[in-house]
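Computed from the coordinates by the stated procedures, all read-outs in this text should not be read as laboratory data. As the structure is a prediction and not an experimental result, all values here were calculated from the model. Positions of Cβ are backbone-derived with ideal geometry, glycine not excepted, and every protein chain shown enters the neighbour counts.
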């Protein structure tokens with residue numbers, strides 16, 4: 001579900017300041033504070049090391065989960081943007097991301 005919040009260290013966080021989206025039916029997206037940006041960077045740095053230490057098969061499972069979640073979100077996003085003339089751009093972007101994830105899964109799965 002598109003919430004307009006930022007996922008920071010596993011928790012969806014809002015902000016008092018928002019940016020309204022003209023592209024997604026006016027959804028207000030949280031504008032991260034400097035503290036939230038710092039927390040997100042620290043969590044990403046920490047999790048990148050943890051992710052890198054995982055086995056190839058574990059990384060493939062992780063990427064499959066992301067792909068499944070993109071499939072679910074893709075339908076909602078498509079519904080929201082189709083009336084704004086952005087559907088072709090969105091289709092292209094999602095297809096590119098899905099292709100990259102599938103290629104990474106294939107590479108990781110070969111070594112497991």
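Within the range 35-60, can you find the residues that are surrounded by 15 or more Cβ atoms within 10 Å (Cβ to Cβ) and more than 24 Å from residue 15 (Cα to Cα)? Working first, answer last.
Going residue by residue through the range 35-60, those that are surrounded by 15 or more Cβ atoms within 10 Å (Cβ to Cβ) are 36, 39-40, 43, 59-60.
If the condition is that a residue be surrounded by 15 or more Cβ atoms within 10 Å (Cβ to Cβ) and more than 24 Å from residue 15 (Cα to Cα), then 59, 60 are the ones that fit.
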Any idea which residue in the range 25-41 is nearest to residue 4 (Cα to Cα), counting only those that are more than 17 Å from the chain's Cα centre (by Cα) and without any contact (Cβ under 8 Å) to a residue 24 or more places away in the chain? 26
